1. Per residue, how many Å² of accessible area does the chain show with a 1.4 Å probe?
2. What's the angle, to the nearest 10 degrees (0 to 90), between helix 19-67's Cα axis and the longest principal axis of the chain?
3. Which value in nm describes the separation of the simple spin-label points at A60 and Q20, placed 7 Å from the Cα toward the beta carbon?
4. Where does the charge balance sit around K34 when Lys and Arg score +1, Asp and Glu -1, over other residues with C-beta under 15 Å from its C-beta?
5. If you take the charge dipole of the chain about its Cα centre, with +1 on Lys and Arg Cβ and -1 on Asp and Glu Cβ, which of N68, Y52, G14 is farthest toward its positive end?
6. Restricting attention to the chain, which chymotrypsin sites (Phe, Trp or Tyr not before Pro) occupy a DSSP loop and are surrounded by at most 13 other Cβ atoms within 10 Å?
7. Which shape class applies to the chain: rounded if a/c is under 1.5, otherwise prolate when a/b exceeds b/c and oblate if not, where a ≥ b ≥ c are the square roots of the Cα gyration tensor eigenvalues?
8. Hand me the trypsin sites (Lys or Arg not before Pro) from the chain located in a DSSP loop with no more than 13 other Cβ atoms within 10 Å, in residue order please.
Amino acid sequence: MSEEELNSYRFGRGEEPTDQMLEAIMRDAMLDVKERAKKAAEVFRQNFEREYAALYSKWATRIENARNGIFQP
């Protein structure tokens with residue numbers, strides 16, 4: 001199936017896609033979803049690491065201050 005044939009098909013015009021068209025549409029959708037999930041996971045990881053570092057630093061400072069007798073709320 002050519003790219004032109006696949007791109008010319010539109011759902012809702014009263015015609016059913018061929019099995020080949022449907023397979024190509026689903027494959028493209030799957031690849032798109034996988035790519036978007038990969039990007040979302042990377043953004044999540046970056047945000048998690050940034051938040052973790054901020055909290056770790058805050059608590060490390062509080063623990064060090066407590067060891068030195070400095071108590072702050």
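The values are calculated or read from the model by the stated rules, or taken from the named source; none is laboratory data. The model shown is predicted, which means the values in this text are computed figures rather than measured ones. Here Cβ is always computed from backbone atoms with ideal geometry, including for glycine, and neighbour counts include all displayed protein chains. Each accessible area value is taken on the protein alone, full model and side chains, heavy atoms only, with ligands, DNA and RNA left out. Shrake-Rupley method; radii C 1.70, N 1.55, O 1.52, S 1.80 Å.
1. 92
2. Approximately 0 degrees, to the nearest 10.
3. 6.0
4. 0
5. The residue sitting most towards the positive pole is N68.
6. Values: sites: Y9, F11, F44, F48, Y52, Y56, W59, F71; in loops: Y9, F11, F71.
Hits after loop and neighbour filter: F11, F71.
7. Numbers: a/c = 8.08, a/b = 5.67, b/c = 1.43.
The shape class here is prolate.
8. Qualifying residues, ordered by number: R10, R13.
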